[in-house]
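Worksheet for the structure shown next.
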């Protein structure tokens, strides 16, 4: 089984204003004449490792990647105004048009899988393929899992999450966590955000990490705060979509070649998300991955992503 | 290099011990009759146990007393639920200790056996030379709910298997629907749900490094699965016949006892939080998290940890 491709040089980096407020960091790599793929990153609001680009054969694919509104190198950093799922879907359409594409393959993991689904259900005719990893559907059940039930599997991580919440506020733990994360005072928000990020890392821990791939640590306290606040704002608003809409509208995906890749030991986004998506979208190839956690770079996930993108080379992606 | 199991051995004594007007227990002894006594508490409640468990213990050093708990396997009457509660089982352990003329012994148990070991240790701390518990089960409601409800998040297909036979209309009260079916006298009703429950438990046990030579994968006769399911429902549905949360609340009674807590980090059957909370309530015990190991005592890394614990106890105790 082949592993990651070598890192390919980015041949274009640009800043794309999408409205009066937000400007996106956008970059291209791989083969400019190749089959177009858009890489949809996680979070919402998280930086992403360039090693993610290495699952694509640079001879075959033209990879377009961007930082979502408010994220990382997009400006203004951490801006929550006009930052909702429908805005992000519209941004993807803008990029597709900017590059003169009729159709592209959509590739996303974690929150990136959520956004990819939202995009594909609104614009199925624009999707030549849909490759999703570490599925999140933005459901209440997922917050329930992270804030409550995951403690049974990873109790120390949960202890870290709630350490800064006083005992008398734990009766409404969800409310206490969200209120504190959004509090403007760093003395209030930082301990909770730090605990939440530490918990997420532990819940998503790789079964077979690769030190070379992990050495690039992009997270800083500043990116952690931005990511936590964007994420909490999205989750507190049901990801700005009607409840359960991603599963309810999954029938729109029926004609899109798809793959659902999910680590069986992913406690950040539990396996039930992938299972439920597959039941709503049975045409997709469902691949629960043994001995694998959440990260795209965890060995067995990485190999499955490379294999899937190699399989997808047989897709015909007509541009007119 | 950590050592693996000792060679296979046969018991030097097998007998039946009548404990009251109703129940008679199957009891065996193996190892060195002059050795340090250990009592082995099996899982379930109501499960069968592997003869390979004798091999955790150096047969020159330990005298191992193992028995089938009330209603289980070779004890009679099979599956009897009358006078079958945790306090009865604790009393049986005392009966056996006195029968064999033992002042104090090491108590060794996994899964349900860990809960019973803790309950016994808390009731009779002066009788315990040491306590070795693995795959920790305690009696808080959220842990008892896990298999029927929240475990769906991590092993959705196993959960779907469990509930497959329960009509949609009855799923709002799933606990009752499952329990009613397990106790239904008709094998056509209880057989499916009990087999599904066993199969789910197998998936949640999540063995990472199976060792076929230590595992009997032949199908258990339904009769024994039925005993296991019904005894488990009776115990778990009644807070193990203990005051709620008593195992953790009374853990202070264990403080003077040398203890080792062994927990597979990939155990989705007895979830790792239970071991972690036990460790917090009994910080004097040696808390050993086992990476890349599920629930089974025969999962490679658990097996090695259990042998090691009993080697450590040769000098500790």
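The values are calculated or read from the model by the stated rules, or taken from the named source; none is laboratory data. Keep in mind it's a predicted model, so treat the numbers as computed, not measured. Note that we place each Cβ from the backbone using ideal geometry, even for glycine, and neighbour counts take in every protein chain shown.
Is one or more of the residues making up the range B:171-194 part of a helix (DSSP H, G or I), over 17 Å from residue B:267 (Cβ atoms) and within 16 Å of the chain's Cα centre (by Cα)?
no
Return the only residue of B:181, B:230, B:152 being closer than 30 Å to residue A:287 by Cβ and outside the structural domain of residue B:45 (by TED's automatic domain parsing).
B:152
If you scan the range A:122-144, which residues turn out to be at pLDDT 95 or above and either within 14 Å of another protein chain (Cβ to nearest Cβ) or in a helix (DSSP H, G or I) (or both)?
Answer for the range A:122-144, where residues must be at pLDDT 95 or above and either within 14 Å of another protein chain (Cβ to nearest Cβ) or in a helix (DSSP H, G or I) (or both): A:122, A:124, A:125, A:126, A:134, A:135, A:136, A:137.
So which residues in the range B:270-285 are assigned to a loop (DSSP other than H, G, I, E, B) and within 11 Å of chain A (Cβ to nearest Cβ), if there are any at all?
Result: B:270, B:271.
Quick check on this structure: which one of A:183, A:168, A:172 is touching a helix residue (DSSP H, G or I) at 6+ places or on another chain (Cβ under 6 Å), at pLDDT 90 or above, away from chain B (no Cβ under 14 Å) and surrounded by fewer than 19 Cβ atoms within 10 Å (Cβ to Cβ)?
From the options A:183, A:168, A:172, the qualifying one is A:183.
Output the number of the condition that residue A:267 fails; it satisfies all remaining conditions of (1) closer than 24 Å to residue A:121 by Cα; (2) within 11 Å of chain B (Cβ to nearest Cβ); (3) under 17 Å from the mean Cα position of the chain (by Cα).
(1)
All but one of (1) more than 12 Å from chain A (Cβ to nearest Cβ); (2) touching a residue at least 60 places away in the same chain (Cβ under 8 Å) hold for residue B:170; which doesn't?
(2) is the only condition that residue B:170 fails.
Identify the single condition in (1) at pLDDT below 95; (2) within 26 Å of residue B:88 (Cβ to Cβ); (3) under 17 Å from the mean Cα position of the chain (by Cα) that residue B:201 does not satisfy, given that it satisfies every other one.
Only one criterion is unmet by residue B:201, namely (1).
Could you list, in sequence order, the residues of the range A:220-245 that are touching a helix residue (DSSP H, G or I) at 6+ places or on another chain (Cβ under 7 Å) and in a loop (DSSP other than H, G, I, E, B)?
Selection gives A:241 alone.
Conditions first: (1) more than 30 Å from residue B:267 (Cβ to Cβ); (2) touching a residue at least 60 places away in the same chain (Cβ under 8 Å); (3) touching a helix residue (DSSP H, G or I) at 6+ places or on another chain (Cβ under 7 Å). Residue A:88 passes all but one, so which condition is the exception?
Result: residue A:88 passes all but (2).
What number goes with the only condition from (1) more than 14 Å from chain A (Cβ to nearest Cβ); (2) surrounded by fewer than 22 Cβ atoms within 10 Å (Cβ to Cβ); (3) touching a residue at least 40 places away in the same chain (Cβ under 8 Å) that residue B:255 does not pass?
Condition (3) is where residue B:255 drops out.
Could you check, for the range A:279-286, whether at least one of its residues is buried (at least 19 other Cβ atoms within 10 Å of the Cβ) and out of contact with any helix residue (DSSP H, G or I) (no Cβ under 7 Å at 6 or more places or on another chain)?
no
Would you mind finding the one in A:260, A:239 that is within 16 Å of residue A:46 (Cα to Cα) and either away from chain B (no Cβ under 14 Å) or in contact (Cβ under 8 Å) with a residue 60 or more places away in the chain (or both)?
Unique residue meeting the criteria: A:239.
Residues in the range B:298-314: is at least one crowded, with 19+ Cβ neighbours inside 10 Å, within 17 Å of residue B:116 (Cα to Cα) and either in contact (Cβ under 8 Å) with a residue 40 or more places away in the chain or touching a helix residue (DSSP H, G or I) at 6+ places or on another chain (Cβ under 7 Å) (or both)?
No: zero hits.
Scan A:252, A:287 and give me the residue that is assigned to a helix (DSSP H, G or I) and either away from chain B (no Cβ under 14 Å) or in contact with a strand residue (DSSP E or B) (Cβ under 6 Å, 6 or more places away or on another chain) (or both).
That would be A:252, the only listed residue that is assigned to a helix (DSSP H, G or I) and either away from chain B (no Cβ under 14 Å) or in contact with a strand residue (DSSP E or B) (Cβ under 6 Å, 6 or more places away or on another chain) (or both).
Name the helices (runs of 4 or more DSSP H) wholly within the range B:91-163 that hold at least 1 residues that are in contact (Cβ under 8 Å) with a residue 60 or more places away in the chain and away from chain A (no Cβ under 14 Å)?
Of the helices (runs of 4 or more DSSP H) lying wholly inside the range B:91-163, those with at least 1 residues that are in contact (Cβ under 8 Å) with a residue 60 or more places away in the chain and away from chain A (no Cβ under 14 Å) span B:112-123.
Among the residues of the range A:231-240, is there at least one that is surrounded by 15 or more Cβ atoms within 10 Å (Cβ to Cβ), in contact with a strand residue (DSSP E or B) (Cβ under 9 Å, 6 or more places away or on another chain) and at pLDDT 95 or above?
No - not one qualifying residue is present in the range A:231-240.
Take the range B:209-250 and flag every residue that is over 18 Å from the mean Cα position of the chain (by Cα), more than 26 Å from residue B:189 (Cα to Cα) and assigned to a helix (DSSP H, G or I).
B:212, B:213, B:249
Restricted to the range A:50-94, and to residues that are under 14 Å from the mean Cα position of the chain (by Cα) and in a strand (DSSP E or B), which residue is surrounded by the most Cβ atoms within 10 Å (Cβ to Cβ)?
Taking the candidates together, the pick is A:66.
For residue B:292, are the conditions met, namely being in contact with a strand residue (DSSP E or B) (Cβ under 9 Å, 6 or more places away or on another chain), assigned to a loop (DSSP other than H, G, I, E, B) and on the phi > 0 side of the Ramachandran plot?
For residue B:292, the condition - in contact with a strand residue (DSSP E or B) (Cβ under 9 Å, 6 or more places away or on another chain), assigned to a loop (DSSP other than H, G, I, E, B) and on the phi > 0 side of the Ramachandran plot - is met.
Name the residue, out of B:49, B:73, that is within 18 Å of the chain's Cα centre (by Cα) and closer than 24 Å to residue B:312 by Cβ.
Result: B:49 is the single residue among B:49, B:73 that is within 18 Å of the chain's Cα centre (by Cα) and closer than 24 Å to residue B:312 by Cβ.
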